[in-house]
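The structure appears below as structure tokens.
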Amino acid sequence: MPMWIQDMYKRRVQTLVIVIDHRHLLDRNNTDNQLAVGYIVEYLLNGKRPKGIGFFSRFKARKWKPKRILIVANKADLWLDEDGYSQWERGLISEHEIFGPFKESLYQLQKLHIPVRVDAMSATVGWNVEDALMRGFNDL
């Protein structure tokens, strides 16, 4: 995970795309997705720059933060039921239970004034992949 942070700060990315899946719905003890999102949010909240990126990159990254964050829940063909699909159609996918464990991280990003878009896709069957990413890149 430190390499993710180093890469973000070195390149000063404008859009951060985080892809999660439904593992935490199947097994409540699996917190891989929550740890990854929490790790990134913690670095953004603390404002400290990672070590190992060089003096010039550290200087350029002193006030950097992404302009937007896109959280995409993959494998929708496995977890998105009929009620969830109607939520997605109405633009309320953020209320689906798959995003429940991430609410605190989303509130913390809101405090930083970083726009966050959440969406669903299924890369296996090709459902909403391009649309979700393009909407996320174009929203600001």
ask   = Using +1 on the beta carbon of Lys and Arg, -1 on that of Asp and Glu, and nothing else charged, what's the dipole of segment 2-138 about the Cα centre, debye to 20?
value = 1580
request  = Using Cα positions and a limit of under 15 Å, work out the aspartates and glutamates in reach of LYS48, with same-chain residues fewer than 8 apart set aside.
outcome  = ASP7
task = Quickly estimate the mean residue ellipticity at 222 nm for the chain, helices only: each DSSP H run with n ≥ 4 gives -39500 (n - 2.57), and the total goes over all residues, rounded to 500.
result = -13000 deg cm²/dmol
message = Name the residue from GLY91, MET121, LEU45 whose Cα lies farthest towards the positive end of the charge dipole of the chain, charges +1 on Cβ of Lys and Arg and -1 on Cβ of Asp and Glu.
response = LEU45
request  = Run through the DSSP bridge list for the chain and note the antiparallel percent, rounded to the nearest 5.
outcome  = 10
request  = Can you tell me what the convex hull of the Cα atoms of segment 2-138 projects to on average, as an area in nm²?
outcome  = 8.6
remark   = Dividing the mean separation of Cα pairs under 8 Å (6+ apart) by the residue count of the chain yields a relative contact order in percent of 30
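Taken together, the values in this text are just the output of simple stated rules run on the coordinates, not laboratory data. This structure is a prediction, so every number in the text was calculated from the model and none was measured. Glycine gets a Cβ as well: all are built from the backbone with ideal geometry, and neighbour counts include every protein chain shown.
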